[in-house]
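These notes concern the structure reproduced below.
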Amino acid sequence: MVGALIIAGLWFCVGLVRQTPSLLGWIPVVIAVGTAAAVSWRASHQGRSYWRYASIGIVLIGVGGVSNAHDYLTGVQQGQHVSGFTAAIYVSGLAVFFMGLLRIPGARRSGIEWARFGLDIATVIVTVLTFTWHLAFPRWESWLGGGFADSTTVIIVLSAGLICVFAFVKVAFTGTGPIDRRALHLLALTGAVGAGGGAFAPLLADRPYLNTAHVLLPACCLCLSLAADRQLRATQVGHPLPRPPMQRLSLMPYAAVLATGALLLWTAVEDSADLVAIAIGSVTVTLLVATRQLVALRDNARLLGDLDARQRELVHQAGHDALTGLANRTVLTREITAALADDPAGVTVALIDLDDFKAINDDLGHAVGDELLSAVAATITAQLGPGSVAARLGGDEYALLLCGDAAGALAAIASRLRRPVRAGGHELVVEASIGLAPARDGDTADELLRRADVAMYEAKGQGKGRLVTYATAMDQRTAEQSRLAADLRTALDTDQLHLVYQPIVTMPDGELFGVEALIRWRHPERGPIGPAVFIPAAERTGLIVPLGAWILEEACRQAVRWREELGAAAPRTVTVNVSARQLREAGFADEVAAVLCRTGLPPDVLTVEVTETAVFDGGTALSELRAIAALGVKIALDDFGTGHSSLGLLRTCPADILKVDKSFVDDVTDGGPQAVVVAALIGICEGLGLRAVAEGVETAEQAAELQRLGYRYAQGFYYGRPMPPAAVAGFQPAAAGRRIAA
């Protein structure tokens, strides 16, 4: 292919100096066309249909070249002249090329992009026509031998040139689709060579034995072959076929302006007769480029506006919670810092945590939970005054920067949160624990948030729906609880914990009925630590869950050992305390079932003891409790009467046992209100078929009065203190108990 082009070029150059046989000039054309057609057809086998069109098109052009040679050799036409039949073959080949180009997928464009694309096409076409007019059109009349008898040929040649120009613009300005980028560049070069070279045919009017096709066709075939070969190699090695950036061709309109301007100046210096035509072309190109520039500027302004809006949106998203629209921790910290720098005396930070939000998520679903969080955020925001900021720190935790009347704002928020909130078709009552941290000189945003967090956990420890203001002593308690929690984690892993068991006896004989498992901790350095000290730390840190699991497993294993060793004398029930935190863990009932299965303890021997406050709000805790009862495990309500004291709870909770709190038993002999409650509770238990157990019995008088009121089960120091497992086997009824029985 390269050799054919070199031979054709050398022969053409010789023809410019002296007359040469025209037939020899057509031989390289046939070789070049055959080679290009073969390479293009091979490329079409890779699934790229354009190359099939290219192969057929170049064959038709080759046939046109043969017809052109026949016209010259038979004397029908001379030199650059073509017959109507030959021109038709040339144009048909170009048309096939054109159809193939149209099948190359282009990039998707907006209306403005299509406007720029059209202006670019018009600019290129006007520029080509201007240069063609200057270089070739003045010689058309002499080329045609005078007159316009062969005007059909002129029109055909012009059409072919315009098709080539359009082909070049199509390749240059559309996306690559499945065509390799470098293959596209070579296709563009093919169109440029064909379009540019054909326009110079009139320049050879004085050399009828020469034809521009002698060089142009081999040159176009070489470019086409290189493009097809590039496509073949790219497909075989699996190279990506990226879309060329549109910006790479953005200089083309300006190059057209420079070219036509230079031509105008050159023509003006020569004082050429076609100065007016070239001036018209230059002005037209300039107007087209100016119009394109205005379109581009307008599009850029729109894009900048969209970009600014998007940037503002991204900045807002980076600083705000996606669910509630409240500020996030970063923005809140910045606002607190600014407020402290302005007037630290008027700054207060509050932390709000929704109580039992996890139960709502578990029972009603996350969609309802999200609606509740958004509703609470709107409620909080509505109560804030000027200069205050609300933020969501994550989960169900909100933080507030309060400027001015912090107490009034928090009172309004707390009051509003006590009203039912509608979320997901449900009327939900929300309670929140609130920690308050007023600013002092030298405080930082992080320090205020830490203090508010400490105060909030203090509020949670005191019960639901509390508001607590930070005090220095809270840090000491928090630090102590953190140390205790760390030591407790170690205690779980190093067998520092053990269980003791307090007897539950029958009245009036004082015989052993069951036991309640109680946790004890002997610290290697600090000695015995009571449950009242370390259980709150376990609750706060979440260690209560693994701790409770250990207690449950150990108590069940001990109950099995007693049954194996003592037989009928073994305690008939073993009671294990379960925290509200454990009940809120979905799947806790499955954990109980697994422990019973591992240990082999019959379910009716185990009693799970919970406080009434743990299940008062229902939700996951109540669902888990019902699942535990379905296993055959007994349920005991502890400290009944000291919490919400809702008799409706006895209807919804699957309770088998009611444990009367020690605070009522202490004054049962005085005949006051406490005695009335104790008497009423035994009546309720008898009516509902519940077993009543009096807790904290310490004197014979208390035991006698409880027996008179109808109580048949009791526990307390009067009957026996908590004891190690071995002591349970030798338990004997208290002497005082026998005297009461007598």
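The values are calculated or read from the model by the stated rules, or taken from the named source; none is laboratory data. Predicted, not measured: the structure shown is a model, and the values here were computed from it. Note that each Cβ is placed from the backbone with ideal geometry, even for glycine, and that neighbours are counted across all protein chains shown. Note: areas computed on protein heavy atoms with side chains; ligands, DNA, RNA excluded. Shrake-Rupley method; radii C 1.70, N 1.55, O 1.52, S 1.80 Å.
For this structure, a couple of remarks:
- For the range 69-100, filtered to residues that are open to solvent by less than 40 Å² (accessible area, probe 1.4 Å), of a type in the set (S, T, N, Q) and modelled with pLDDT under 75, the residue that is nearest to LEU222 (Cα to Cα) is GLN80.
- LEU566 meets the conditions (1) open to solvent by 30 Å² or more (accessible area, probe 1.4 Å); (2) more than 20 Å from GLY730 (Cβ to Cβ) in every case but one. The failed one is (2).
- Out of THR494, THR506, THR478, sole residue that is over 37 Å from the mean Cα position of the chain (by Cα) and over 22 Å from ILE551 (Cβ atoms): THR506
- Spans of helices (runs of 4 or more DSSP H) in the range 323-422 with at least 1 residues under 13 Å from LEU449 (Cβ atoms) and modelled with pLDDT of 80 or more: 329-342
- Among the residues making up the range 484-541, those that are at positive phi and surrounded by fewer than 16 Cβ atoms within 10 Å (Cβ to Cβ) are ASP495, GLY527.
- ILE56 being surrounded by fewer than 23 Cβ atoms within 10 Å (Cβ to Cβ), modelled with pLDDT of 70 or more, out of contact with any Phe, Trp or Tyr (no Cβ under 7 Å at 6 or more places or on another chain) and not hydroxyl-bearing (Ser, Thr, Tyr): yes
- For first residues located in the range 472-486 and farther than 19 Å from GLU525 by Cα, partners that are modelled with pLDDT of 75 or more and part of a helix (DSSP H, G or I) and lie 6+ apart or on another chain with Cβ distances below 6 Å form the pairs MET474/VAL454; MET474/GLU458; THR478/VAL454.
- The conditions of being under 19 Å from LEU631 (Cβ atoms), within 36 Å of the chain's Cα centre (by Cα) and open to solvent by 20 Å² or more (accessible area, probe 1.4 Å) are not met by ASP604.
- Among the candidates SER433, SER388, SER415, the residue that is within 22 Å of THR330 (Cβ to Cβ) and of a type in the set (S, T, N, Q) is uniquely SER388.
- Filter pass, VAL677 being under 22 Å from THR575 (Cα atoms), of a type in the set (Val, Ile, Thr) and within 58 Å of the chain's Cα centre (by Cα): no
- Enumeration of residues in the range 327-358 that are open to solvent by less than 30 Å² (accessible area, probe 1.4 Å) and more than 13 Å from GLY395 (Cα to Cα): ALA327, VAL331, LEU332, ILE336, ALA339, LEU340, GLY346, VAL347, THR348, VAL349, ALA350
- The helices (runs of 4 or more DSSP H) found wholly in the range 679-742 and carrying at least 3 residues that are open to solvent by 30 Å² or more (accessible area, probe 1.4 Å) and at pLDDT 90 or above occupy 700-709, 725-729.
- Residue count for the range 423-463 satisfying the condition of being among the hydrophobic types (A, V, I, L, M, F, W, C) and in a helix (DSSP H, G or I): 8.
- Among all residues of the range 629-648, there is none that is open to solvent by 10 Å² or more (accessible area, probe 1.4 Å), part of a helix (DSSP H, G or I), out of contact with any His (no Cβ under 6 Å at 6 or more places or on another chain) and at pLDDT below 90.
- Within the range 336-384, the set of residues being under 27 Å from the mean Cα position of the chain (by Cα) and of a type in the set (Asp, Glu) comprises ASP353, ASP362, ASP363, ASP370, GLU371.
- Qualifying residue in the range 345-352 (condition: more than 21 Å from ASN328 (Cβ to Cβ) and out of contact with any helix residue (DSSP H, G or I) (no Cβ under 7 Å at 6 or more places or on another chain)): yes
- Considering the range 527-611, the qualifying strands (runs of 3 or more DSSP E), each wholly inside and each with 1 or more residues that are in contact with a Ser or Thr (Cβ under 9 Å, 6 or more places away or on another chain), run over 573-577, 606-611.
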